1. For every helix of n ≥ 4 consecutive DSSP H residues, a contribution of -39,500 (n - 2.57) applies; sum these over the chain, divide by its total residues, and give [θ] at 222 nm rounded to the nearest 500 deg cm²/dmol.
2. For segment 55-96 and segment 117-162, write down the distance between their C-alpha centroids in whole Å.
3. Please report the projected area of segment 130-252's Cα convex hull averaged over all directions, in nm².
4. Expected output is a single nm value to one decimal: the length gained when fully extending between residue 20 and residue 100, i.e. 0.36 nm times separation in residues minus the C-alpha distance. What is it?
5. Between residue 107 and residue 232, take the C-beta separation as r, use R0 = 25 Å, and let me know the FRET efficiency to the nearest 0.05.
6. I'd like the Kirkwood hydrodynamic radius of the chain, using the inverse of the mean 1/r over distinct C-alpha pairs, in Å.
7. Given points 7 Å out from each Cα along the Cα-Cβ axis, report the residue 163 to residue 36 separation in nanometres with one decimal.
8. Starting from the eigenvalues of the Cα gyration tensor, five times each then square-rooted, give me the equivalent ellipsoid semi-axes of segment 20-98, largest first, whole Å.
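Read the figures in this text as sums done on the coordinates, not as results from a lab. None of these values were measured; they are calculated from a predicted model. Cβ atoms come from the backbone with ideal geometry, glycine included; neighbour counts cover every protein chain shown.
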Ligand code: FPP
């Protein structure tokens, strides 16, 4: 079953005093700057990730509160495996702890957890914690929290091409019938609308192998704020900025 069938767009806005017209349905975030945040304070990089995890809690809570339907967070890329072993291990521990500590909150707030990426590469304790939360929250439809873990868009696209090539070889689909939709349906984000807004923290003007297919018409906002310093207030300001954008999708 298609994701959009099981997860109708959430419309029960909590804040009635706020202008929620043209709010994005799907927000994606490249959470960058944890290391620099720690360095500025002469702390170990891992402290930056720990503070970053607190920001994750704040922004998830905020998105749920204001009625964002899908929040996709770039938590660990395929390239991040090349970081020092201790940093990778600390990030995995942080993730496993986060998944365990947030489980009740996800349930209480009707949030469904999903993961996109090469999940099989994650350590067993993270996979188990993920699996538990995903199964437990499967029926929730207030918001989808999509964690991009061991995620890389090129790997996702390679997987999609292989899938479709096999179907063509087996005669399941005709090459002439390959459309945008067929491609979207072979990606991790199958059934989800594309992100409306992509936010990147810490000022770098790049996409870093994130959702390459899905962001074709996504509005982009880059802030200099480092992820651990990113706040609900700034997030709300960015939404306000988004509300005033004219999205033309290539038309006039
Ligand atoms: C980028 O900062 C951030 C990451 C590679 C990991 C993101 C992880 C978190 C925000 C915390 C854990 C996540 C969850 C979902 C609990 P960086 O280290 O590249 O920063 P730098 O560019 O300043 O070095």
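1. After summing the helix terms and dividing by the residues of the chain, the value is -13000 deg cm²/dmol.
2. The two parts, judged by their Cα centres, are 12 Å apart.
3. 10.7
4. Additional length available on full extension: 25.6 nm.
5. Rounded to the nearest 0.05, the efficiency is 0.70.
6. By the Kirkwood definition, the hydrodynamic radius is 19.1 Å.
7. In this crude label model, residue 163 to residue 36 measures out at 3.5 nm.
8. Over the Cα atoms of segment 20-98, the semi-axes work out to 27, 14, 11 Å.
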